[in-house]
Each structure stands twice: as C-alpha cells, then as structure tokens.
Amino acid sequence: MKKMKINIIILVLVSFIVVFFSVKDNFNSVVDYFVNINYFWILAACGLYILNIFFQSLAQYNFLREVKPDYKKMSCFKLMTMAMFFNGITPFSSGGQPFQVYFLRKEGFKVSDSSNSLLQNFITYQFALILMGTIALVSNIYLEIIPENLVLRRIVIIGYIINISIMALIIFLSRGKKTNTKIFNKFFNFIFKFKFIKNKEEKKEKASRMLDEFYNSTAIMKNNFRNTMLSFTYNILSLLCLYAIPLFIFLALGSEDLTLINSLVLSGYTFLIGSFVPIPGGSGGLEYAYTTFFGVLFSGGLLSASMLLWRMITYYLGMVIGGLTLIAYRKKE
C-alpha cells in the first residue's frame, strides 16, 4: 500500500509538470480549443477507448473460458478494467497481471490455470503489437510522415527490434522442451559459479517451473490454433481502436488534417516509446513522444490541446473506469 501511494504521488507530480509545460506557451489558444470543442467526436473517441478495452477482454476471455466454460464475458471485462487501474499506477505497467491472478483466484481459477491463460493472451498481444508496428514502419517508409533525422524515430526502431527479439525467443522456447531444458541447465550452472548469488537451488526450481508453465501454454495454443487466431484478431482490433483515437480528437478540435493512416502510424510510434518509461503510466515520456511525432503535422495550441485530450482519454479515463469498478467490486465483496 505504501508503494502504491508513492507511485500515485509520482504520477500526480509528473502529470502536473507535463500539463504546465504543455500549456504555458499556448494557454489562451488551448483554452479557445477547449471552449469550442465538438463533444460528439469526444464521445466517439471515448467510445473507441471502451471498445479497445472490450476487445482486450474478449482476447483474454477466449483463453479463460477454455479452463472454466461458465466464466462470463462481463466478468472478464471487469477484470480488464481493474487491471488497467493497477497497470496505470505501477512502473512498466507491471501491476496488472499479479492483480488478475489474485482476482481470478477469487473467481474459482487455479493460480497455474490463470497464469497460463494470461501468458497465452500476452503472446497473442505481442504478435499483434509487432504486426501493427510493422505496418506503421512500412507505411512510414512509403508515406514519409516522420522525418528520418528524428531521434525518437531511431529509438522506436530499436524498440521494434527488441519486440521482434522477444517474439523470436518465444518461438524458440516453444519449439522443444528437452533442448530448452539442457540450455537452461547449462545457463544456471554457469550463473551458480558466482558466489554472490544466494538461494541458488530455490531460484533454479522457480525458473524451471516458469519454463514448464510457458511450454504448457504454448502447447495448448498450438493444439487450439483457431482459438489462438481469434484472440490475436481481437488484440489487433483493440490496437486499431486505440491508435485511431487521435483522429477523432482532432475532429473534435475542428481539424480535418489528420488521416486515419497517419493516426495509426503516429500512434504506433508513440505507444512504443511508452514501454521504455519507468514511471507509472509512462507519464512524461508518452506526452513527449506524442508532441514530437504528431508535431511533424501540427503545432501550437492545437497540438497541445490534442495531447491533453488524448492523454485524458487513453490513460486517465481507463484509470477512472478501473478505479470505480474496483471500488464497486470491493463493496460487493
């Protein structure tokens, strides 16, 4: 609880600093954009964000129902909203999955079953993220939306390579259990030569269990390819909804200069930067990435106003929905 409070304090301070620097040079212009905002398009953007959560929950539900057929879609939707709250207040979005395991245990799932289901969805999400990243990179090569000399563009490419490497590792580990176990044992025998490592056997046993769980998860996915592809499709739809939100925000601010493909490409680049920021919600880094990438097309008060609205919808709205769902759940419990 103490750590959570510290994270929330950091989040509030960083958010305040970001808002201050975003509007200090364009305050009157930003206010004008907010006064004349088109609420229809804002509601449409909020609807897209809720659809993003809905598709995420369907992707996860596909794997959970294999373990517990009577598990309801609405329960999974609540699970995803509450997980977004915990992801939002922890660095690198690391708090959501432990909470999901805890919540699912209360719903009657074994820890091993829920962990495997979450891992399976994570794998399909990673594949979806790479596909969307590939589309963004290829589209930018042909459309030349983001200049080649932009430093953040190079960081995004590094991030893309890291994600590709993760997927290559996942595919490699899923290929053969015996080979991976031999490599795993050799690796730990080498590590154990260092005297500063404590509880060596305990660490080895824990890592071995994780490897077994991973192999079992990938085996289930290969045996149920249709279900895996369905979850992959839901994750693609989820990302499409998320990446299209800026288009509706600019329409709400009276600008028709952003196309759907530009929104998808620029959003794809922006969100990849957020995974490198060790502050809850990627605060500071995501706002900077947004203003840098969308700044190649827009400037001044329009850019600042759109960034504030985008952050409110893609981050704070999820926090509010997740927090309210968590309060309602705890009261019911």
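For the peptides 285-291, 163-169, residues were scored by their other Cβ atoms within 10 Å and the scores averaged per peptide; the highest-first order is 285-291, 163-169.
By count of other Cβ within 10 Å, fewest leading, how are Thr90, Thr314 ordered? Kindly include the intermediate steps, with their values, before the conclusion.
Details: Thr90 19, Thr314 25.
The fewest-first ordering by Cβ neighbours comes to Thr90, Thr314.
Note on Arg209, Arg65, Arg226, Arg311: ascending count of other Cβ atoms within 10 Å places them as Arg226, Arg209, Arg65, Arg311, the fewest first.
Neighbouring Cβ atoms within 10 Å as the yardstick, rank Tyr269, Tyr234, Tyr71 fewest first.
Final ranking by Cβ density, sparse to dense: Tyr71, Tyr234, Tyr269.
Bridgeable aspartates and glutamates around Lys78 (alpha carbons under 13 Å apart, same-chain partners fewer than 8 residues away excluded): Glu107. With a/c under 1.5 counting as rounded, go ahead and sort the range 98-137 into rounded, prolate or oblate using the C-alpha gyration tensor (a ≥ b ≥ c being the square roots of the eigenvalues; past the cut-off, prolate if a/b is larger than b/c, else oblate). Note, shape of the range 98-137 comes out prolate.
Do the alpha carbons of any pairs in Lys182/Lys206; Lys73/Lys106; Lys110/Lys206; Lys72/Lys110; Lys110/Lys186; Lys68/Lys331 sit beyond 27 Å of each other, and which pairs?
Details: Lys182/Lys206 16 Å; Lys73/Lys106 16 Å; Lys110/Lys206 18 Å; Lys72/Lys110 17 Å; Lys110/Lys186 32 Å; Lys68/Lys331 25 Å.
The pairs that break the limit, which is 27 Å between Cα atoms, are Lys110/Lys186.
Using a ≥ b ≥ c from the Cα gyration tensor of the range 129-176 (square roots of the eigenvalues), is it rounded, prolate or oblate, where a/c under 1.5 gives rounded and otherwise the larger of a/b and b/c decides, a/b for prolate?
Details: a/c = 4.72, a/b = 2.24, b/c = 2.10.
The shape class here is prolate.
Read-outs throughout are calculated quantities, based only on the coordinates presented, and are distinct from any laboratory measurement. Quick caveat, the model's predicted, so the values are computed rather than measured. Glycine also receives a Cβ, built like all others from the backbone with ideal geometry; neighbour counts cover every protein chain displayed.
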